[in-house]
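**Student:** Dropping a structure here in structure tokens format, bear with me for questions.
Taken together, the values in this text are just the output of simple stated rules run on the coordinates, not laboratory data. Quantities reported herein were computed from a predicted structural model and do not represent experimental measurements. Neighbour counts run over all protein chains shown; Cβ positions are idealised from the backbone, glycine included.
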Amino acid sequence: MHQAGRRQRGISLIGLLFWGVVIAFVGVVAAKTFPTVLEYYTIKRVINRIVVSNPTTVPAVRAEFDRAKQVEYSIESISSADLVVTKDNDKLQISFAYDKQIELGGPVYLLIKYEGQSN
């Protein structure tokens, strides 16, 4: 028995191409953004490790960060001079902030503002 008024279901070629382009664009943005997120978490891990070792002076904090930066090859966006070192009730606090521009193509850039502080 054949049903005369039944519509076909599925996706059209134009719909498939549209969603393919959208998924490809999201994939490219994610692939270009992922290394910057890893860098941010590496910086946070390094400054938390420095706070635990509790250096006594600001130059000692900066020297430890420079040593860690030589080992952690992924830290490129900031230097030890960009760290803000303070004491809060005799507890060392280290904070940082930086911007990362990611070229998406031609004149189009993605700007990500990272900031963080020690735990």
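**Student:** What pairs in 32/69; 44/100; 32/100; 91/113 have C-alpha atoms more than 18 Å from each other? Please report the intermediate quantities before stating the final value.
**Tutor:** Numbers: 32/69 22 Å; 44/100 16 Å; 32/100 11 Å; 91/113 26 Å.
Flagged as over cut-off: 32/69; 91/113.
**Student:** Roughly what angle does helix 13-53 make with the longest principal axis of the chain, taking Cα atoms, 0 to 90 degrees, to the nearest 10?
**Tutor:** 10 degrees
**Student:** Could you compute the FRET efficiency for residue 56 and residue 77, with r as their C-beta to C-beta distance and R0 at 35 Å, rounded to 0.05?
**Tutor:** On the way: r = 27 Å, r/R0 = 0.77.
Taking R0 as 35 Å, the efficiency between residue 56 and residue 77 is 0.80.
**Student:** Moving to a separate point now. Pick the calculated Rg and Dmax of the Cα atoms in Å for this structure from (1) 23.8, 87; (2) 16.1, 51; (3) 14.3, 47?
**Tutor:** From the options (1) 23.8, 87; (2) 16.1, 51; (3) 14.3, 47, the structure gives (1).
**Student:** Tilt of helix 58-71 relative to the longest C-alpha principal axis of the chain, in degrees (0 to 90, nearest 10)?
**Tutor:** 50 degrees
**Student:** Given the options 23, 94, 11, state which has the largest fluctuation in a GNM of the chain using a 10 Å cut-off (strictly under) for Cα springs.
**Tutor:** 11
**Student:** In the chain, which longest range has no trypsin sites (Lys or Arg not before Pro) that are both DSSP loop (not H, G, I, E or B) and surrounded by at most 10 other Cβ atoms within 10 Å?
**Tutor:** Working: sites that count: 6, 7, 9.
Within the chain, the longest run free of exposed trypsin sites (Lys or Arg not before Pro) spans 10-119.
**Student:** Another one. For a footprinting-style exposure proxy, rank 109, 114 by other Cβ within 10 Å, fewest first.
**Tutor:** Values: 109 10, 114 18.
With the sparsest Cβ surroundings first, the list reads 109, 114.
**Student:** Also, I was wondering about something else. Hey, how many Å between the Cα centroid of the stretch 86-119 and the Cα centroid of the stretch 40-75?
**Tutor:** If we compute the Cα centre of each part, the gap is 15 Å.
**Student:** Just from its helices, what would the mean residue ellipticity at 222 nm be for the chain, if runs of 4 or more DSSP H residues each count -39500 (n - 2.57) and the sum is divided by every residue, rounded to the nearest 500 deg cm²/dmol?
**Tutor:** Numbers: 2 runs with 55 residues, N = 119.
Computed ellipticity for the chain at 222 nm equals -16500 deg cm²/dmol.
**Student:** Please compute the length gained on full extension between residue 16 and residue 41, using 0.36 nm multiplied by the number of residues separating them and subtracting their Cα-Cα distance.
**Tutor:** Values: separation 25, 0.36 × 25 = 9.00 nm, distance 3.65 nm.
This chain segment gains 5.4 nm when fully extended.
**Student:** May I pose another question? Could you work out how far apart the two model spin labels at residue 102 and residue 28 are, taking each label as a point 7 Å from the Cα in the direction of the beta carbon, and quote it in nm?
**Tutor:** 1.3 nm
**Student:** Can you put 74, 53, 80 in order of Cβ neighbours within 10 angstrom, beginning with the fewest?
**Tutor:** On the way: 74 14, 53 10, 80 18.
Going from least to most buried by this count: 53, 74, 80.
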